[in-house]
Amino acid sequence: LRDPAMIGHHFFTATLAYMGLHPYLHVKCIFFFGFAELSNVFLAFRDFFKYIPSLKTNFPALYNLSSLSFGVSFIALRLIMWPYISYDFWKDSITLLQSGKAHSNLVVVTFLVANIFLTGLQIMWGKMIFKIIIGKKKKPKAQ
């Protein structure tokens, strides 16, 4: 809980949740505040098994299914869709700032800075997932 990445993650998400009340980003918030979070449903199931070892032992297929579902959904939502939607978000935000029609430039800039940080986290966490996937596929060396 004291990991700098998690502290930053919670700081930015709380700030964005508050600033999301301003008239800005109401279409893209459906993805960033909602749809992208679907991978966490599978993560919660995976963690449920992980933190109750007897369930993991008694129901290994369900544990593996929750792990696979989390990995696939994270890759699809956070590593493929996130950058694509972020690009569109940046184009729209820069256009809004240049037009001078933003309700609050501070809100727009805060969302842009947060997007940089949160995108970095997606990449960092994605690397961790790929390391786990690659680690499971490695065969032990014959001695």
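Can you tell me which of Phe117, Phe89 is among the aromatic types (Phe, Trp, Tyr) and either touching a Ser or Thr at 6+ places or on another chain (Cβ under 7 Å) or farther than 16 Å from Cys29 by Cα (or both)?
Exactly one residue qualifies, and that residue is Phe117.
Spot the failing condition for Tyr51; the list is (1) in contact (Cβ under 8 Å) with a residue 24 or more places away in the chain; (2) open to solvent by 30 Å² or more (accessible area, probe 1.4 Å), and only one is missed.
Unmet for Tyr51, out of (1) in contact (Cβ under 8 Å) with a residue 24 or more places away in the chain; (2) open to solvent by 30 Å² or more (accessible area, probe 1.4 Å): (1).
With (1) within 21 Å of Gly8 (Cβ to Cβ); (2) open to solvent by less than 30 Å² (accessible area, probe 1.4 Å) as the list, and Gly71 as the residue in question, which single condition is left unmet?
For Gly71, the failing item is (1).
Considering every residue within segment 132-139, establish whether at least one is modelled with pLDDT of 95 or more and either of a type in the set (A, V, I, L, M, F, W, C) or surrounded by 13 or more Cβ atoms within 10 Å (Cβ to Cβ) (or both).
Scanning segment 132-139 turns up no residue that is modelled with pLDDT of 95 or more and either of a type in the set (A, V, I, L, M, F, W, C) or surrounded by 13 or more Cβ atoms within 10 Å (Cβ to Cβ) (or both).
Can you pull out the residues in segment 1-29 that are farther than 16 Å from Leu118 by Cβ and without any contact (Cβ under 8 Å) to a residue 40 or more places away in the chain?
Leu1, Arg2, Leu21, His26, Val27 - these are the residues of segment 1-29 that are farther than 16 Å from Leu118 by Cβ and without any contact (Cβ under 8 Å) to a residue 40 or more places away in the chain.
Could you list, in sequence order, the residues of segment 53-112 that are in contact with a Lys or Arg (Cβ under 7 Å, 6 or more places away or on another chain) and either among the charged types (D, E, K, R) or under 19 Å from Met19 (Cβ atoms) (or both)?
Lys56, Ile85, Phe89
How many of the residues in segment 4-48 are open to solvent by less than 60 Å² (accessible area, probe 1.4 Å) and touching a Leu at 6+ places or on another chain (Cβ under 7 Å)?
The qualifying residues number 5.
Would you check which residues across segment 76-97 are open to solvent by 40 Å² or more (accessible area, probe 1.4 Å) and β-branched (Val, Ile, Thr) and list them?
Those that are open to solvent by 40 Å² or more (accessible area, probe 1.4 Å) and β-branched (Val, Ile, Thr): Ile80, Ile94, Thr95.
The values are calculated or read from the model by the stated rules, or taken from the named source; none is laboratory data. Because the structure is a prediction, the values reported are computed rather than measured. Methodologically, a virtual Cβ is constructed for each residue, glycine included, from the backbone with ideal geometry; neighbour enumeration extends over all protein chains shown. Please note that ligands, DNA and RNA were not included when accessible areas were found on the heavy atoms of the full protein model with its side chains. Shrake-Rupley method; radii C 1.70, N 1.55, O 1.52, S 1.80 Å.
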